[in-house]
Amino acid sequence: MSAPTLFRAATYNVHSHIGRDGRRDPARVSQVIDELDADVVALQEFTYPADVDLETRTPVVLTLERYECALGPARQNDTHCFGNAILTRHPFIEVHRIDLSIARREPRAALAATIEIDGEPVHVLAAHLGLRVPERRFQVQQIIAYLDSVQHTRLVVLGDFNDWMPGRTVADVLDRRLGRLPRPRSFPASRPIFGLDRIWVQPQDALHRIFAHRTPMARAASDHLPVVAEIAW
């Protein structure tokens with residue numbers, strides 16, 4: 001029997017690169033990402049200049065080596081785009097952008113990418129859901145539709161799901177589909193109370209451990225802590 005492929009995935013809401021001190025500092029966010037040492041990192045509230053080519057594969061404003069980048073903007077003005085990004089150390093096979101927006105609410109989106117690891121495809125879906133329950137119900141259904149298209153494959157679903165209510169939550173739909181995994185507290189970064197940032201893995205038994213990344217730099221660089229999953233396929 002061959003040894004399992006070890007894989008590390010992380011999700012990180014970078015808050016437009018604005019830290020707890022109110023300073024916008026992409027280099028500080030880059031340092032936190034380097035600390036994670038992850039194969040794949042999903043970013044939310046990622047801000048970058050509007051004139052960047054959508055299909056670029058460079059990490060844009062981040063000072064990172066060894067990573068390719070896929071962009072998934074949710075909204076744009078004259079100067080900047082704002083939304084999701086996926087960073088990976090492995091080759092992209094394809095990228096899909098999924099609109100999760102609902103009328104009269106802040107635009108939302110998901111970013112789905114297929115990457116190749118040791119010759120095998122791995123599907124990664126990164127999302128940032130809305131603040132209200134009806135929004136999140138609609139958005140989770142769009143995510144489920146994507147999951148239906150990649151059944152019985154290696155899969156990671158991750159992002160900021162803004163799901164903090166006790167008891168039955170919108171994210172329970174994903175728990176029933178992918179299995180209920182630990183929810184490390186990640187927000188606010190200074191003293192985490194809520195597990196807003198979530199990771200699901202398929203197959204579920206591939207998950208080795210999941211944890212919030214709690215270094216001094218991570219506490220300073222954003223209002224969320226990164227959440228990391230170690231996976232053994």
Residue check, Leu131 against (1) in contact with a helix residue (DSSP H, G or I) (Cβ under 6 Å, 6 or more places away or on another chain); (2) part of a loop (DSSP other than H, G, I, E, B), all met but one. Which one? (1)
List every residue pair whose Cβ atoms sit under 6 Å apart, with the two residues 6 or more apart in sequence or on different chains, where the first one lies in the range 16-37 and is at pLDDT 95 or above and the second, anywhere, is among the polar types (S, T, N, Q) and surrounded by 14 or more Cβ atoms within 10 Å (Cβ to Cβ). Ser16/Thr47; Glu35/Thr215
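Hey, can you tell me all the residues within the range 201-214 that are farther than 18 Å from Leu36 by Cβ and either surrounded by fewer than 18 Cβ atoms within 10 Å (Cβ to Cβ) or in contact with a helix residue (DSSP H, G or I) (Cβ under 7 Å, 6 or more places away or on another chain) (or both)? I'd like the intermediate steps shown before the answer.
Of the range 201-214, the ones farther than 18 Å from Leu36 by Cβ are 202-206.
Correct list: Gln202, Pro203, Gln204, Asp205.
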I need a count of the residues in the range 81-107 that are buried (at least 16 other Cβ atoms within 10 Å of the Cβ) and out of contact with any Lys or Arg (no Cβ under 9 Å at 6 or more places or on another chain). 8
Confirm whether Ser222 is of a type in the set (Gly, Ala, Ser), more than 23 Å from Ala145 (Cα to Cα) and loosely packed, with under 14 Cβ neighbours inside 10 Å. no
Run down Ile93, Ile102 and say which single residue is in contact with a Phe, Trp or Tyr (Cβ under 8 Å, 6 or more places away or on another chain) and under 18 Å from Tyr146 (Cα atoms). Ile102
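Rundown of residues vs (1) farther than 25 Å from Arg97 by Cα; (2) in contact with a Leu (Cβ under 7 Å, 6 or more places away or on another chain); (3) of a type in the set (D, E, K, R), yes/no style:
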site: Val140; (1), (2), (3): no, yes, no
site: Val157; (1), (2), (3): no, yes, no
site: Pro184; (1), (2), (3): yes, no, no
site: Asp197; (1), (2), (3): no, no, yes
site: Trp200; (1), (2), (3): no, yes, no
site: Phe211; (1), (2), (3): yes, no, no
Candidate set: the range 43-61, residues that are under 26 Å from Arg154 (Cβ atoms) and touching a His at 6+ places or on another chain (Cβ under 9 Å); chosen: the one surrounded by the fewest Cβ atoms within 10 Å (Cβ to Cβ): Gln44
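From the list Arg137, Arg191, exactly one residue is over 19 Å from Leu6 (Cβ atoms) and without any contact (Cβ under 8 Å) to a residue 24 or more places away in the chain. Which is it?
The conditions single out Arg191.
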Pick from Val122, Val157: which is touching a Ser or Thr at 6+ places or on another chain (Cβ under 9 Å), surrounded by 16 or more Cβ atoms within 10 Å (Cβ to Cβ), in contact (Cβ under 8 Å) with a residue 24 or more places away in the chain and outside any loop (DSSP other than H, G, I, E, B)? Val122
Restricting to the range 16-35, count the residues that are surrounded by 16 or more Cβ atoms within 10 Å (Cβ to Cβ) and touching a helix residue (DSSP H, G or I) at 6+ places or on another chain (Cβ under 6 Å). 7
Is at least one residue of the range 143-160 in contact with a strand residue (DSSP E or B) (Cβ under 8 Å, 6 or more places away or on another chain), within 19 Å of Ala74 (Cα to Cα) and among the charged types (D, E, K, R)? yes
The one condition in (1) free of Cβ contacts under 8 Å to residues at least 60 places away in the same chain; (2) in contact with a helix residue (DSSP H, G or I) (Cβ under 9 Å, 6 or more places away or on another chain) that Cys69 fails to fulfil: (2)
Scan the range 90-111 and give yes if some residue there is more than 14 Å from the chain's Cα centre (by Cα), on the phi > 0 side of the Ramachandran plot, outside any strand (DSSP E or B) and of a type in the set (Asp, Glu), otherwise no. no
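The values are calculated or read from the model by the stated rules, or taken from the named source; none is laboratory data. Worth saying up front: this structure is predicted, and the values here are computed from it rather than measured. Cβ coordinates were reconstructed from backbone atoms using ideal geometry, including for glycine residues, and neighbour counts include every protein chain displayed.
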